[in-house]
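Let me begin by presenting the structure, written as structure tokens, before commenting on it.
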Amino acid sequence: MTDFFKGIPEIRYEGPDSGNEFAFRHYNPDEMVMGKRMEDHLRFAVAYWHSFAWPGGDPFGGQTFERPWFGDTMDLAKMKADVAFEMFDILGAPFFCFHDADVRPEGATFAESLRNLEEIVDYFAAKMETHSTRLLWGTANLFSHRRFMSGAATNPDPEVFAYAAATVKSCMDATHKLGGQNYVLWGGREGYETLLNTDLKREAEQAGRFLEMVVEYKHKIGFKGAILIEPKPQEPSKHQYDYDVATVYGFLKRFGLEGEVKVNIEQGHAILAGHSFEHEIALAASLDLFGSIDMNRNDYQSGWDTDQFPDNVPEMARAYYEILRAGGFTTGGTNFDAKLRRQSLDPDDLILAHVGAMDVCARALKAAVALLEDGALERAREARYAGWDTTDSKAMLGSGLAEIAGQVLSKGINPQPRSGRQERLENLWNQFV
Ligand code: XUL
Ligand code: CO
């Protein structure tokens, strides 16, 4: 036991009237919702990097957090793991997620970094025997080290491609060993700073081949989890290739990987791409591409990826509504890819940020469930498309322009516009949220 969280109790559900800060008011893991435990609906995950490795810097100033495990030794990496699993226990977090770079010190060579990773993975594996937290996903950090400044798979230097491939292999092995339910690829530097030095065609072909190799390797080692791409339009690169769900779908189709790879959709990234979170989720679901979510928001004014803990129940309810309509999570879950504000220095802040986030997600989930169980919204949607249920309309899709033109003339088809009823539906929505 470390003493980092000394005095902080395990967080329990006490109900909406509880005056205890260190309690859940809405998140009740065992409560049955739509035939499933709330914990199994939401599948919360703590992001190792923001919670335990982020020093609190911003573009104008460096480290604000002073954590006893900050430093580059294996002993400190193990202390960090000890604290992390203590926090998972305090929160009752069912899952965590990690990058190689936030769990182990960087070595002087690839071989040394690999040894460090393997030692920490064994350390995690031993902890997971006595703690109940599981791995939602693992991933490789292919964006922080200067070797990746011009991209990883899309780098103009084939040696960087090789280094990235070896790194991803090591992280897939680690994820597989820890029973991870997904493997995520976020291409933060798979993009460009300027078209003046960039060959788009080559870079796309390199990225496509890289992803094929990831899928081939997944099957080779028998990893049963899902491979997920996390779209983001820009930041750190000026333009990123995995811009949004639609772009990722086009890329997957081009390389014949649409049956193999799904998406991890982040709220803040959706906003940066000019979409809403629910749009990205609904689109992914309609393309059979939905995998998992990163439930962290951006500040709407700053235009940066500020990775804040979620706090907007009506917005989140839209997201969970789309997730439930799509059948809920399978291998995916709700990862808080969120960091504290840099003034939030205390261990309490770290715990309470997660408690609040879990509670607002639970409220959003419950609102979405109530709306779905009420059914009026889905009935209205079905009624809007009811015309397409007739034999004639279905047959029309199997005919051609000339045949349809003939029918319009012979039947005197003369469509009459009908209300989309948006405000009525918004009123209905607002009764539940
Ligand atoms: C960056 C981001 C990443 C991915 C994993 O914006 O979201 O943390 O979630 O690499
Ligand atoms: Co993310």
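The values are calculated or read from the model by the stated rules, or taken from the named source; none is laboratory data. All values reported here derive from a predicted model rather than from experimental measurement. All Cβ positions, even for glycine, are placed from backbone atoms using ideal geometry, and neighbour counts span all protein chains on display. Keep in mind that these areas ignore ligands, DNA and RNA; they rest on the heavy atoms of the full protein, side chains included. Shrake-Rupley method; radii C 1.70, N 1.55, O 1.52, S 1.80 Å.
Using a 10 angstrom cutoff on alpha carbons, build the Gaussian network for the chain and name the most mobile of Arg147, Arg363, Arg384.
Arg384
Mark the label point 7 Å from the Cα of Glu106 along Cα→Cβ and return the residues of segment 230-246 whose backbone N is within less than 18 Å of it.
Inside the label zone: 236-237.
For the chain, set up a Gaussian network in which alpha carbons nearer than 10 Å are linked by springs, and say which option among Arg12, Arg379, Arg341 fluctuates the most.
With Cα springs under 10 Å in the chain, the top fluctuation among Arg12, Arg379, Arg341 is at Arg379.
Hey, what angle do you get for helix 347-374 against the long axis of the chain, alpha-carbon based, 0 to 90 degrees rounded to 10?
That works out to roughly 20 degrees.
Give me the 1.4 Å probe accessible area per residue for segment 12-374, excluding ligands and nucleic acids, in Å².
Numbers: 14910 Å² over 363 residues.
Roughly 41 Å² per residue, with all protein chains present.
Please report the relative contact order for the chain, taking Cα pairs under 8 Å with a sequence separation of at least 6, and give it as a percent rounded to a whole number.
Once divided by the residue count of the chain, the mean separation gives 15 percent.
Modelling each spin label as a point 7 Å along the Cα-to-Cβ direction, I'd like the Leu345/Leu195 distance in nm, to one decimal.
Each label point lies 7 Å from its Cα, and together they span 4.8 nm.
Using a 10 angstrom cutoff on alpha carbons, build the Gaussian network for the chain and name the most mobile of Ala273, Ala319, Ala364.
Its mean-square fluctuation being the largest, the pick is Ala273.
Determine the share of the chain's accessible area contributed by carbon and sulfur atoms, expressed in whole percent, with a 1.4 angstrom probe. Please list the in-between numbers first.
On the way: 10770 of 20730 Å².
Answer for the chain: carbon and sulfur cover 52 percent of the accessible area.
Give the angle, between 0 and 90 degrees and rounded to the nearest 10, that separates the Cα long axis of helix 110-130 from the longest principal axis of the Cα atoms of the chain.
Result, in degrees: 80.
Only helical DSSP H runs with n ≥ 4 go in: add -39500 (n - 2.57) per run for the chain, normalise by residue count and round the 222 nm mean residue ellipticity to 500 deg cm²/dmol. Could the numbers behind the result be given before it?
On the way: 15 runs with 195 residues, N = 433.
Theoretical 222 nm ellipticity from helices: -14500 deg cm²/dmol.
Set the Förster radius R0 to 35 Å, insert the Cβ-Cβ distance between His145 and Thr330 as r into 1/(1 + (r/R0)^6), and round the FRET efficiency to 0.05.
Working: r = 33 Å, r/R0 = 0.95.
The value I calculate is 0.60.
Extending each Cα 7 Å along its Cβ direction at Glu216 and Ala405, get the distance between those two points in nm, one decimal.
Spacing of the two 7 Å Cα→Cβ label points: 5.0 nm.
Quote the relative contact order of segment 253-307 in percent (integer), defining contacts as alpha-carbon pairs under 8 Å separated by 6+ residues. Mind dumping the intermediate values first?
Working: 64 pairs, mean separation 21.9, N = 55.
This gives 40 percent for segment 253-307.
How far apart, in nm, are the 7 Å Cα→Cβ label points at Arg418 and Arg379?
The two pseudo-label positions are separated by 1.5 nm.
Which length gain, in nm to one decimal place, applies between His131 and Phe60 when the Cα-Cα distance is subtracted from 0.36 nm times their residue separation?
21.7 nm
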